[in-house]
1. Cβ-Cβ under 9 Å, sequence separation 6+ or interchain: first residue in region 146-166 and in contact (Cβ under 8 Å) with a residue 60 or more places away in the chain, partner charged (D, E, K, R) and open to solvent by less than 10 Å² (accessible area, probe 1.4 Å). Which pairs?
2. Being over 37 Å from the mean Cα position of the chain (by Cα), open to solvent by 20 Å² or more (accessible area, probe 1.4 Å) and among the charged types (D, E, K, R) is true for just one of Arg4, Arg49, Arg58, Arg82. Which residue is that?
3. Quick check on region 124-145: of everything there that is within 17 Å of Ala184 (Cα to Cα) and open to solvent by 50 Å² or more (accessible area, probe 1.4 Å), which residue is modelled with the lowest pLDDT?
4. Name the single residue, out of those in region 381-392 being open to solvent by 80 Å² or more (accessible area, probe 1.4 Å) and either of a type in the set (Asp, Glu) or at pLDDT 95 or above (or both), that is farthest from Ser352 (Cα to Cα).
5. Collect the residues in region 344-359 that are farther than 23 Å from Leu252 by Cα, open to solvent by less than 30 Å² (accessible area, probe 1.4 Å) and part of a loop (DSSP other than H, G, I, E, B), keeping them in residue-number order.
6. Go through region 93-144 and count every residue that is out of contact with any Gly (no Cβ under 9 Å at 6 or more places or on another chain) and hydroxyl-bearing (Ser, Thr, Tyr).
7. Within the set of pairs 6+ apart or on separate chains, which have a first residue in region 358-385 that is farther than 13 Å from Val343 by Cα, a second that is open to solvent by 10 Å² or more (accessible area, probe 1.4 Å) and among the hydroxyl-bearing types (Ser, Thr, Tyr), and C-beta atoms under 6 Å apart?
8. With respect to Ala71, determine if the residue is assigned to a strand (DSSP E or B), in contact (Cβ under 8 Å) with a residue 60 or more places away in the chain and either over 26 Å from Gly170 (Cα atoms) or open to solvent by less than 40 Å² (accessible area, probe 1.4 Å) (or both).
Amino acid sequence: MADRVTVIGWDGSPLTDAARAALGAATLVAGAAHHLALPEVPPAAERIRLGSPALAARRIAAHRGTAVVLADGDPGFFGVVRTLRAPEFGLELEVVPAVSSVAAAFARAGMPWDDAQVVVAHPRTLRRAVNVCRAHAKVAVLTSPGAGPAELGLLLDGVHRTFVICEELGTEREQVSVVTSDKAADHTWRDPNVVIVIGGPTGAGAAAESGGWISGRDPGAGPRGWVQRDEEYTAYTAYAANTAYAAQGSRLAEGETELLRAAQLARLGPRIGDLVWDIGSGSGAFATEAARAGAAVIAVDRDPGACARTESAARRYGVQLQVVQGTAPHVLENLPEPDVVRVGAGGAAVVSAVADRRPQRIVTHAATRDEAELVGRGLTEHGYRVECALLQSVELDTRAWTETERNVAFLLSGVLPDRAP
C-alpha cells in the first residue's frame with residue numbers, strides 16, 4: 001500500500017506550498033495529460049494517466065512509496081476522492097482542494113449558484129441530466145465526451161434554454177460562450193467543459209432573487225401537500241392563459257379528483273431525473289404536481305383549452321413543463337422516452353401504446369370493472385405486474401355531516417419488473 005496519498009485539486013492557479021511539497025516528494029503521480037505535464041511533477045516519478053479512477057486506485061494501492069493524484073477543480077465534488085476512499089482500496093487520503101469547476105463556471109458567468117442543480121452527464125446518465133434541465137430553472141452540467149453541449153441541445157428538442165458553455169476553465173485556452181440550446185449542436189466544443197443551463201420556471205414556486213436557505217432545489221417551495229384541493233385548479237383566476245378556456249375548466253375530469261390524484265402520484269413516485277408523461281392532462285393538476293416533485297413533465301392533450309389550462313397551472317405554481325397538443329397514441333411517437341406515465345384519457349388502446357415504450361411504471365383509472373379488466377390484461381400481456389384497487393371517496397359537508405359528492409374509480413398500475421423501481 002502507498003505510504004501516503006495526497007489528492008490535489010487544480011483550477012489553473014499556482015499550486016499552493018502544500019501541493020508543491022506533496023508533489024516534490026511523490027514517487028507516483030496520477031492525473032490527466034495536462035496535469036502530468038506540469039513542471040512540478042518529479043521527472044523520476046511513475047506517471048499514470050487517470051482514465052479509470054478505479055484502475056488507478058488499484059495501482060496506487062499496490063504502490064510502495066508516496067502517491068499524488070491531480071484532479072481538476074475540487075476533487076471531493078463529483079471527483080476522484082469518492083473512488084479512492086472506497087473500502088476495497090484501503091487508502092487514507094490527504095486532500096488539497098481547489099475551486100470547483102462549477103463554482104468557477106458560475107463566477108465566469110457572474111451568476112449566483114446556490115439555487116442551481118448540479119448534475120454529471122456521461123453517456124449512461126445523459127438522459128436523466130437532460131430531464132433535470134427540462135424541469136429546473138438553473139442547472140450546471142459537468143459534461144464528458146459523448147455527453148456534451150451538443151448532445152444536451154439535441155435532446156432538449158422543443159424546450160428552449162440558454163447555454164453558458166465554459167471550456168477548459170483555468171487554462172490559457174479558457175473560453176466562455178453563450179448560445180441557445182437549439183444552436184449548441186452547430187459547434188464543436190473542447191473538453192473539459194461545464195454547461196450552465198438557464199431558463200424555465202417563474203412564479204410562486206421559483207426561487208426568490210434575494211436567495212434562500214438551502215442549496216439547489218428548495219423542497220419546501222410552494223404550498224404544502226403532494227396534491228392541492230380540486231378548487232385550486234377549477235377556480236377562475238388571474239393566472240389563466242385564456243379566460244374562455246379557464247371558464248370551461250370549472251370542473252375536473254373524473255380521473256383528476258384530489259384523492260385519486262394523490263393515489264396516482266403515490267403509485268408513480270415521480271422524482272428528479274425522471275421524465276413523466278401525463279396523457280390527457282385536463283386541468284393540468286397532475287402534471288403540475290409531478291413537476292413540483294422535481295420531475296420533467298410532458299403534458300399531452302388533444303383539447304387546446306386543456307393545454308392552456310395546464311400551462312396556466314404550471315405558471316401559477318412556478319414549475320416548468322412541456323405541453324403538447326395532439327391525439328394519443330399518434331402524438332406519442334416522437335416524444336422522448338418516459339420513465340413513468342399517467343394515462344388520464346384514451347383507455348386500453350392508449351395504455352397499450354404506452355406499454356410498448358416500456359416505461360418503469362404506468363398508472364391509469366377505469367370507470368367500470370370490465371374496462372379495468374381490459375386494461376389490466378393489456379398491461380399483463382406487455383409484461384407488467386398489475387395492481388388494481390377500487391377507490392371510493394365521499395365528500396361531506398362538515399356543518400351538517402351530509403354527503404355532498406361521491407367518486408368511484410378503479411385505480412390500475414403496472415410495474416415493469418426488469419426496470420423496477
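The values are calculated or read from the model by the stated rules, or taken from the named source; none is laboratory data. All of these numbers come straight from a predicted model, not from anything done at the bench. With ideal geometry, Cβ positions are generated from the backbone for all residues, glycine too; neighbour counts draw on all protein chains shown. For the accessible areas, the whole protein counts, side chains as well, though only heavy atoms, and no ligand, DNA or RNA atoms are used. Shrake-Rupley method; radii C 1.70, N 1.55, O 1.52, S 1.80 Å.
1. Pairs that qualify, where the first residue is in contact (Cβ under 8 Å) with a residue 60 or more places away in the chain and the partner is charged (D, E, K, R) and open to solvent by less than 10 Å² (accessible area, probe 1.4 Å): there are none.
2. Arg4
3. Applying the filter and picking the extreme gives Pro145.
4. The residue in question is Leu390.
5. Pro359
6. 2
7. Filtered contacts from region 358-385: Gly378/Ser352.
8. Here the answer is yes, as Ala71 does meet what is asked.
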